[in-house]
Amino acid sequence: MKMLQHSRSSVLLFITMLALAGCQSINPMSIAETPGQKAYALERSYNIVLAGALDLVNDPAVPAGVKSNIRSVERRTTPIVDNLSQAFADYTVARAALSSGTGSQERIEVIAANLEGWIKQAERAIVELANAVDR
Amino acid sequence: MPTAIITLLNVLGSLLTARGQEDLGEYARLAASLVREGDDAHDELKLLSLELQDMVDQNRDPTTEEALAVTTRRKELSAAIQAGAGDGDDPA
């Protein structure tokens with residue numbers, strides 16, 4: 001069972017690596033071009049890792065300490081991805097405003113920089129959660 | 001796992017370590033030693049990559065509905081993970 005658990009958690013690490021920097025054919029982050037596409041790729045990748053974490057939390061054979069650590073890390077990392085979602089929503093609104101002539105280029109540059117900052121933080125959050133799953 | 005993928009992950013690990021991302025490099029090497037293709041998560045990642053390529057080809061960003069669906073799914077998963085907290089778990 002421990003072997004199975006280790007194999008499954010390592011799959012999540014593998015997925016994380018692929019999502020962030022791995023194989024070209026299945027690497028969402030290398031395919032995404034715009035900040036919006038990158039944010040979407042990260043959020044979806046994070047959900048894949050979350051689903052794996054849920055499998056472990058629901059597995060009666062997984063030690064309580066491992067489950068506790070996963071929950072603890074998830075409480076830290078999910079709010080970061082929530083912030084990424086909000087930053088993307090702000091970016092979408094700002095782009096629409098610019099297109100309709102009510103926004104400014106300066107404003108969207110500030111919001112895009114904020115979005116890029118949350119993208120970087122979300123990348124670290126995914127790795128942190130995958131690392132917790134590997135314990 | 002095919003030898004080519006093991007090699008790729010080990011090379012990736014070396015590259016990441018060289019770029020100063022030691023933790024990521026270590027993960028790549030660990031994954032290379034154990035992971036298998038054909039896993040559900042692997043298939044989901046493939047699907048996501050195809051969707052993203054489609055977005056790039058169409059030169060568009062995710063729609064509000066697509067973004068909302070991902071957020072909703074995240075909240076469901078997060079709530080489910082925390083649902084069993086309390087059995088010897090540290091409070092938030």
Output ³J(HN,Hα) for region A:41-46: one whole-Hz value per residue in order, computed from phi by the Karplus curve 6.51 cos²θ - 1.76 cosθ + 1.60 with θ = phi - 60°, and x for Gly and Pro.
4, 5, 5, 5, 5, 4
Cα-based shape type of region B:38-83, given that a ≥ b ≥ c are square roots of the gyration tensor eigenvalues and the cut on a/c is 1.5:
oblate
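Could you list B:Glu51, A:Glu109 in order of exposure, starting from the residue whose Cβ has the fewest other Cβ atoms within 10 Å? Present the calculation step by step, with values, prior to reporting the outcome.
Details: B:Glu51 18, A:Glu109 11.
Sorted ascending by nearby Cβ count, the order is A:Glu109, B:Glu51.
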For A:Asp59, residues with placed amide H under 5 Å, excluding near neighbours
none
Taking a quarter of the surface of the convex hull around the Cα atoms of region A:47-135, what do you get in nm²?
6.0 nm²
Within the under-11-Å Cβ sphere about A:Glu33, not counting A:Glu33, Lys/Arg +1 and Asp/Glu -1 give a net charge of 0
Work from the charge dipole of region A:31-135 (Cβ charges, +1 for Lys and Arg, -1 for Asp and Glu, about the Cα centre) and give the residue of A:Thr92, A:Gly36, A:Gly65 farthest towards its positive end.
A:Gly65
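Compute the normalised compactness of region A:34-85: alpha-carbon radius of gyration over 2.2 N^0.38 Å, N being the residue count. Working shown, then result.
Working: Rg = 12.9 Å, N = 52, 2.2 N^0.38 = 9.9 Å.
Dividing the Cα Rg of region A:34-85 by 2.2 N^0.38 Å gives 1.31.
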Report the FRET efficiency, 1/(1 + (r/R0)^6), for B:Ala83 and A:Glu116, where r is their Cβ-Cβ distance and R0 is 30 Å, rounded to 0.05.
0.35
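Read-outs: derived from the displayed coordinates by stated rules, not from any lab. Please read these numbers as outputs of a predicted model, since none were measured by experiment. Counting neighbours? That spans all protein chains shown, and the Cβs are built from the backbone with ideal geometry, glycine included.
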